[in-house]
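> Here's a structure for you.
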Amino acid sequence: MCASGGRTFNFRRTNTYTHSDLTTMKVKVLSRNPDDYVRETKFDIQRVPRNYDPALHPFEVTREYTRALNATKLERVFAKPFLASLDGHRDGVNCMAKHPKSLSTILSGSCDGELKVWNLTKHECVRTFQAHEGFVRGMVVRFCGSSIFTIGDDKTIKQWKMETPANGEEEEPLNTILGKSVFTSIDHHYKDPVFVTSGQQIDIWDEQRTSPIRSFSWGVDSISCVRFNPVETELLASCASDRSIVLYDMREAAPLKKVIMTMRSNSLCWNPMVAYHFTSCNEDYNLYTYDMRYLDKPIAVHMDHVSAVLDVDYSPTGQEFVSASFDKTIRIFPKESSHSREVYHTKRMQHVICIKWSSDNKYILSGSDEMNIRLWKANASEKLGMMAPREKAAANYNQKLKEKFQHHPQIRRIARHRHLPKVIYSQRNEIRIMKEARGRKERNVRKHAKPGTMPLVTEKEKHVVAVVN
């Protein structure tokens, strides 16, 4: 310290570094890539760096649960599945068919013999003609989409052109085949010019011939439904009036096997993704999914309807199917679930006769006996139309959250709740009480019977009477 002119100066000794000290010194430099945080335009969203270390986010699960709960509530708020009603028939809609090449085309046949071609994009009928006298029992579009095959109560099979005739031309069938009895169902091969009909027997027809090239029968009065397998295209399955489901192979001379159930099956549909699985709808209010290799018991029993199930159709993905019932409702089932994930109903819709799932997996079409065809969304809360990338990301994020927390009681209760008509609600409770009473009676009888005399029969096994090879 020294004083100079009244001023005081402090001198502090500083360290001096040698060259060897500088070489071991570490210098950290901040380096940022402008692409990570600089917006390309002023309309872009500010990019925020995030650290996903769980230790830094102790309330992450709580926050995600709240988001999942809100997403589940909003899903139920925006669940508006009904889109449009296609009216124009003058009698009940008895059958429908999808166009294999056009998503916007659907065909319907009514109980007065009238056939209509609809444009789903415009929600209007583009063609109408009288196909048969009496009921149109079934229809199918050729695999290339060039023609339509129809059957009716007048014992005829008719082939029609898909194109609308020019002005001045009359609606005339390309080909007409007169059968010996009433045909009840028709289906077309997925690759070859061959179609199959059901009635008193199963007949396989070549498009160029007026008599069947092969016939199958197994001692039944009538067969109500027949379907080609979309994967193993030589296989067929049919539902008969003697409560049986019969399997056929076109390469064999006789039917393969059949399973006899406690009540009659009305219709069936093959899984388009699993070659050997099919689902049948039954008069006992249930649907049954079978593996054709093991017919002694079904893979799954689908229960929720309160009246006879009349028709069933699979989604193109093979993960779900939709059923139409006499109880005036439509239900969507996951293929392995015993209970439906969705139920559709309206005040005006009466008994649902036929059902179809669109080929783009987005829509469901139902035909009922009050002369209307209704268009529904397959996912009730799905937003239709174009979606921005942020909307898609938000929807996918909410879906993953709902899947993550789906078993939490509050979220499960909200997601499963559906408003039902009072009649269906009371019938469902009555069926549940009757089922519990039967189970209680079986347990009491088994308790007081000799051990081993009353074996325990599962729900899957009790509906199968016998399997005949």
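> Between residue 294 and residue 167, how many nm apart are label points set 7 Å from Cα along the C-beta direction?
Distance between the two pseudo-spin positions: 6.4 nm.
> Further, regarding this structure: Roughly how many nanometres apart are two label points built 7 Å out from the Cα toward the Cβ at residue 209 and residue 119?
If labels sit at residue 209 and residue 119, their model points lie 4.1 nm apart.
> Counting Lys and Arg as +1 and Asp and Glu as -1, what is the net charge of the other residues whose Cβ lies under 13 Å from the Cβ of residue 66? Walk me through the numbers on the way to the answer.
Numbers: positive: 63, 67, 73, 402, 404; negative: 60, 64.
Surrounding charge for residue 66 is +3.
> OK, next. Using Cα atoms only, what is the angle between the long axis of helix 389-404 and the major principal axis of the chain, expressed in degrees (0 to 90) to the nearest 10?
80 degrees
> To continue, here is another question. For a quick check: with amide H placed at 1.01 Å from N, whose amide H comes under 5 Å from residue 291's, ignoring anything fewer than 5 positions away on the same chain?
Those qualifying (amide H under 5 Å, at least 5 residues apart or on another chain) are 299.
> Quick one: Karplus J couplings for the range 363-378, per residue in order, coefficients 6.51, -1.76, 1.60, θ = phi - 60°, nearest Hz, x for Gly and Pro?
So the J values, rounded to whole Hz, are 10, 10, 10, 10, x, 10, 7, 9, 6, 10, 10, 10, 10, 10, 7, 5.
> Here's something else I'd like to know. Can you list the HN-Hα couplings for the range 290-297, worked out from phi with the Karplus curve (6.51, -1.76, 1.60; θ = phi - 60°), rounded to whole Hz and with x for Gly and Pro?
10, 9, 5, 7, 9, 8, 5, 7
> From the C-alpha gyration tensor of the range 236-338, pull out the three semi-axes of the equivalent ellipsoid (sqrt of 5λ each), sorted largest to smallest, in whole Å.
Values: eigenvalues 93, 51, 25 Å².
So the three semi-axes of the range 236-338 are 22, 16, 11 Å.
> Also: With a 1.4 Å probe and every protein chain left in place, work out the accessible area per residue of the chain in Å², rounded to a whole number.
Values: 27420 Å² over 469 residues.
Roughly 58 Å² per residue, with all protein chains present.
> Over the range 167-286, what is the relative contact order in whole percent, taking alpha-carbon pairs under 8 Å and six or more residues apart?
Working: 261 pairs, mean separation 19.1, N = 120.
For the range 167-286, the relative contact order is 16 percent.
> Tell me the carbon and sulfur percent of the accessible area for the range 320-415, rounded to whole percent, probe radius 1.4 Å. Show your work: numbers first, answer last.
Working: 2580 of 4880 Å².
In the range 320-415, the share of accessible area belonging to carbon and sulfur is 53 percent.
> Name the long-range amide H neighbours of residue 465: under 5 Å, sequence gap of 5 or more, or other chain; modelled H, no Pro or chain starts.
So residue 465 has HN proximity to 260, 261, 262.
> For residue 400, list the lysines whose Cα falls under 27 Å from its own Cα; do not include residues on the same chain fewer than 8 positions away.
73, 80, 335, 362, 377, 383, 392
> Roughly what angle does helix 422-448 make with the longest principal axis of the chain, taking Cα atoms, 0 to 90 degrees, to the nearest 10?
The angle comes out near 80 degrees.
> Long-range amide H contacts for residue 110: which residues qualify at under 5 Å (H placed 1.01 Å from N, peptide plane, sequence gap of 5 or more or a different chain)?
The list, which skips near neighbours in sequence, is 94, 136.
> Test of understanding: what is the full-extension gain from residue 191 to residue 383, defined as 0.36 nm times their sequence separation minus their Cα-Cα distance? Please report the intermediate quantities before stating the final value.
Details: separation 192, 0.36 × 192 = 69.12 nm, distance 3.56 nm.
That works out to 65.6 nm of additional length.
> Using θ = phi - 60° and the Karplus relation 6.51 cos²θ - 1.76 cosθ + 1.60, list the HN-Hα couplings for the range 85-98 in order, rounded to whole Hz, with x at every Gly or Pro.
10, 9, 10, x, 6, 9, 8, x, 7, 9, 7, 9, 8, 9
> Separate question: May I ask for the angle, rounded to the nearest 10°, between helix 60-77 and the longest principal axis of the chain, with both axes built from Cα atoms and the value confined to 0 to 90°?
40 degrees
> Next question. Taking the Cβ of residue 174 as the center, what net charge do the other residues with Cβ under 15 Å away carry, scoring Lys and Arg +1 and Asp and Glu -1? Before the final figure, lay out the partial values.
Working: positive: 142, 158, 161, 209; negative: 163, 169, 170, 171, 172, 206, 207.
Result for the local shell: -3.
> Just to be sure I understand, if you calculate mean projected area of the Cα convex hull in nm² for this structure, which of (1) 40.1; (2) 44.8; (3) 20.5 do you get?
(2)
> Only Lys, Arg, Asp and Glu count, each charged at its Cβ (+1, +1, -1, -1), so figure out the dipole size of the range 30-188 about its Cα centre, rounded to 20 debye. Walk me through the intermediate numbers first.
Values: 22 positive and 22 negative charges, 130 e Å.
With Lys and Arg at +1 and Asp and Glu at -1, about 620 debye.
> So for the pair residue 341, residue 39, with labels modelled 7 Å out along Cα→Cβ, what separation do we get in nm?
My value for the distance between the label points is 3.8 nm.
> Then there is this: Beta carbons within 10 angstrom, averaged per residue: use that to sort the peptides 96-109, 363-376, 438-451, highest first.
The most tightly packed comes first, giving 363-376, 96-109, 438-451.
> Another question about this same structure. Which net charge results when you count Lys and Arg as +1 and Asp and Glu as -1 among the other residues whose beta-carbon is under 11 Å from that of residue 384? Before the final figure, lay out each step's value.
Values: positive: 80, 362, 377, 383; negative: 382.
Around residue 384, the surrounding residues sum to +3.
The values are calculated or read from the model by the stated rules, or taken from the named source; none is laboratory data. Keep in mind that this is a model prediction, so the values were computed, not measured. FYI the Cβ positions are ideal-geometry reconstructions off the backbone, even for glycines, and counts take in every protein chain you see. To get the accessible areas, we keep the full protein, side chains included, count just its heavy atoms, and leave off ligands, DNA and RNA. Shrake-Rupley method; radii C 1.70, N 1.55, O 1.52, S 1.80 Å.
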